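Contents: one structure, followed by commentary.
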Amino acid sequence: MKVFISADMEGVTGVTHPQDVIPGRSQYERFRRFLTADVNAAIEGASQGGATGFLVNEAHDGMRNILLEDLDERAELIVGSKKPLSMMQGFEGADVAFFVGYHARAGAEGVLSHTFNSPSVVTDVQLNGEPCSEARMNATLSGLSGIPVGLVAGDDPTCEEAESLYTNVKTAQVKTAIDRYTARCLPQRVARERIRGAAEGAVRGVGDLAPYAPGPPYTFFVEFATASTAASVMFFPQLERVDDRRVSWTHDDYETAFKMFIGVMRMATSDPDYG
């Protein structure tokens, strides 16, 4: 059995502040080790459940955060930010997808909640009229290829969303959000045991999972913090300027709509007043 792991960082054990996840900041190197440890726990658990192949895709910021020298040797790692499928690069051919270190969507309660971009740039994302987190849009991409989400690890809002959307998914709550920058955190050893157990359960119960596969058409709405940011992304012919701060597009093929979202995010720039 092959496991694909998309690894973000804001939902990692102990992370509560931008200082923890931005390269060059005071706590970043420390939490790179925590990120790698959470991913290793997922690999260990999945192996105990019978999985034999592991591909990890870096999915945070510049996507150069996991310490390769400390990564479980059974896994391969995709590193680098120039990926056509961004957080989901390499998912094809897997039997099950794991989302480790994931976080809540923009505008929601949750530690460092956002959707692909800073809240100073993107304030809301919707897919087919419903709030859309990174996890939900990524689960849709894998689900439409028949690959279910088996594990989601992160804070409580992230796990609650997963349980509401993905059939029989296993979750590993490693912290409880108090504020966007505050959480009640499990000790690292306990959090790793929780991730390991959920990963093992996901692989053993893979037959009970179901792909998350909503039907077409697929309409994205993105709300930006400023009108000038909304104007800065209007380079795709299919984009519609809904109002001053919102843009939208629709496509019958989800991968195309998803790639358009990635392109819009790459073009979106913050205003000088927001930094």
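The values are calculated or read from the model by the stated rules, or taken from the named source; none is laboratory data. This one's a predicted model, so the numbers in the text were calculated from it and none came from an experiment. When we count neighbours, we look across all protein chains shown, and the Cβ atoms used for this are built from the backbone with ideal geometry, even at glycine.
Between THR229, THR171, which is among the hydroxyl-bearing types (Ser, Thr, Tyr), over 22 Å from ALA257 (Cα atoms) and in contact with an Asp or Glu (Cβ under 8 Å, 6 or more places away or on another chain)?
Details: THR229 fails: over 22 Å from ALA257 (Cα atoms).
Exactly one of THR229, THR171 is among the hydroxyl-bearing types (Ser, Thr, Tyr), over 22 Å from ALA257 (Cα atoms) and in contact with an Asp or Glu (Cβ under 8 Å, 6 or more places away or on another chain), namely THR171.
Each residue in region 202-236 was checked for being under 22 Å from the mean Cα position of the chain (by Cα), within 25 Å of ASP253 (Cβ to Cβ) and among the β-branched types (Val, Ile, Thr), and 2 of them qualify. The residues of region 93-134 that are in contact with a Pro (Cβ under 8 Å, 6 or more places away or on another chain), at pLDDT 95 or above, among the small types (Gly, Ala, Ser) and farther than 20 Å from GLN173 by Cβ amount to a single one, ALA106.
Apart from one condition, VAL96 fits all of (1) closer than 23 Å to ALA198 by Cα; (2) touching an Asp or Glu at 6+ places or on another chain (Cβ under 8 Å); the exception is (2). Search region 107-126 for residues being in contact with a Phe, Trp or Tyr (Cβ under 9 Å, 6 or more places away or on another chain) and more than 20 Å from THR229 (Cα to Cα), and hand back the single one that is surrounded by the fewest Cβ atoms within 10 Å (Cβ to Cβ). By that ranking, first place goes to LEU112.
Among the numbered conditions (1) surrounded by fewer than 21 Cβ atoms within 10 Å (Cβ to Cβ); (2) of a type outside the set (Asp, Glu); (3) modelled with pLDDT of 95 or more, the only one that LYS82 does not meet is (3).
What are the residues in region 139-156 that are of a type in the set (Asp, Glu) and outside any strand (DSSP E or B), if any? I'd like the intermediate steps shown before the answer.
Keep residues of region 139-156 that are of a type in the set (Asp, Glu), which gives 155-156.
Matches in region 139-156: ASP156 only.
Of all the numbered requirements in (1) more than 30 Å from GLY205 (Cβ to Cβ); (2) buried (at least 24 other Cβ atoms within 10 Å of the Cβ), ILE43 misses one, and that requirement is (1).
Could you tell me how many of the residues in region 230-275 are modelled with pLDDT of 95 or more, among the polar types (S, T, N, Q) and out of contact with any Phe, Trp or Tyr (no Cβ under 8 Å at 6 or more places or on another chain)? Total meeting the criteria: 1.
Looking at ALA225, ALA202, just one residue is out of contact with any Gly (no Cβ under 9 Å at 6 or more places or on another chain), crowded, with 20+ Cβ neighbours inside 10 Å and among the small types (Gly, Ala, Ser), and that residue is ALA225.
Annotation for region 99-106: no member residue is surrounded by fewer than 23 Cβ atoms within 10 Å (Cβ to Cβ) and touching a helix residue (DSSP H, G or I) at 6+ places or on another chain (Cβ under 8 Å).
On inspection, ASN168 does not qualify as surrounded by fewer than 23 Cβ atoms within 10 Å (Cβ to Cβ) and closer than 21 Å to GLU223 by Cβ.
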